[in-house]
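No lab work stands behind these numbers, since they all come straight from the coordinates. Here the structure is a predicted model, which means the values were calculated and not measured. Here the Cβ is made from the backbone with ideal geometry for all residues, glycine too, and neighbour counts use every protein chain on show.
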Amino acid sequence: MAEAAGPESKQVFRPYNARVSSGSTMLRHSPTELGEVESELLHGEPITVTGYLGDWLTAEAIFAGFVYKGFVRATDVTTAASEPTHKVVARLSPILAFPGLKAAAIHKLSYGALVSVIEEKDHHVRIWPDGWMYKKHLAGRDYKAADYVEAIEGLMGVPFVWGGRSPAGLDCSGMIEFGLRAAGIPCARRMVHLSTSLGTELPKGSRPARGDFLFYSGHCAMFVSDMEVINCNGLAGRVQVESFDELDDRMRNMRKYQFQSVRRLDERFRAGVQIAKRQAGAVPSPAALLHE
């Protein structure tokens, strides 16, 4: 991909488009396995390769117009991938060595991974470049979950992993991005961008509703009722539901984070949000009335 402009000139690297070819890969801040993670990238997702450094590539990934830069392992990326035709809609789906009951699992793909189907056989499909998957674990590439809130609630118990955005592990912003992506709603990847671009900020004194998003200076969550929130945090080590009062006390007094805002999506994105399964309190606590 590098090309010399003349016999005495330096090589000029020309950026090129590629896709993630491994089960997933981490976009890191430095070219080492211990480098801090910017974000997990899923199988089949597109990136732009902007350079190379030994066994690593410098790359960019775009989420709703926001560009995230870092390093990825060269072995996790390919330029030969076919255009994806389907997405994984199972929580976790094995890639099988052959289409049979006793087939060995070569590796696994998480919900939202993109694949190209090249053959069908009974209850299985073969994907590019090789391997078989259960047909019912896939849907068309444009498939959208009806309710982003239920998609996020389905992550209950998933472990906290910094930079993660799959059922194998995720962080607080990855939890939100997962649910919105499942419902086909474009959004930024990191909390710093979600907190200013996602929906519109509710006025102080407004009562939060199911599906609203809560932001502090170092954490984010989502309301599942006017008194409860779901979030993925390092203290619990997993996705959990807790009262707003409990979360707010921890953010302010333990973490020393500042409350920023509650944000609500446009009504066209909230149309599929179902009524909370758990009974909301008849009278919200004072803290749930957005810090007048």
Pairwise FRET efficiency - T200 versus T79, Cβ, R0 = 45 Å, nearest 0.05: 0.65
Solution diffusion estimate, µm²/s, Stokes-Einstein, the chain, Kirkwood Rh from C-alpha pairs, 25 °C, viscosity 0.890 mPa s: 119
Charge dipole magnitude, Cβ of K and R +1, D and E -1 - region 86-140, Cα centre, debye nearest 20: 220
Burial ranking of peptide ranges 84-93, 27-36 (average Cβ count within 10 Å, highest at the top): 84-93, 27-36
Listed peptides 102-108, 204-210, 190-196 by packing density, highest first (mean Cβ within 10 Å): 190-196, 204-210, 102-108
The chain: angle of helix 172-182 to the longest principal axis, Cα-based, in degrees nearest 10: 70
Contact order normalised by residue count of the chain, Cα under 8 Å, 6+ apart, percent: 13
Net charge of neighbours whose Cβ lies under 13 Å from the Cβ of Y257, counting Lys and Arg as +1 and Asp and Glu as -1: +2
Value at 222 nm in deg cm²/dmol, rounded to 500, when DSSP H runs of n ≥ 4 in the chain each add -39,500 (n - 2.57): -3000 deg cm²/dmol
Sum of side-chain charges, V49 neighbourhood, beta-carbon under 11 Å (Lys, Arg +1; Asp, Glu -1): +1
Efficiency of FRET from Cβ geometry, T48 and D130, R₀ 30 Å, rounded to 0.05: 0.70
Counted charge near F98, where neighbours are those whose Cβ lies closer than 13 Å (Asp, Glu -1; Lys, Arg +1): 0
Additional length obtainable on full extension of the chain from N17 to H107, 0.36 nm per residue less Cα span: 30.0 nm
Fully extended contour minus Cα-Cα distance, from E120 to N253, at 0.36 nm per residue: 42.3 nm
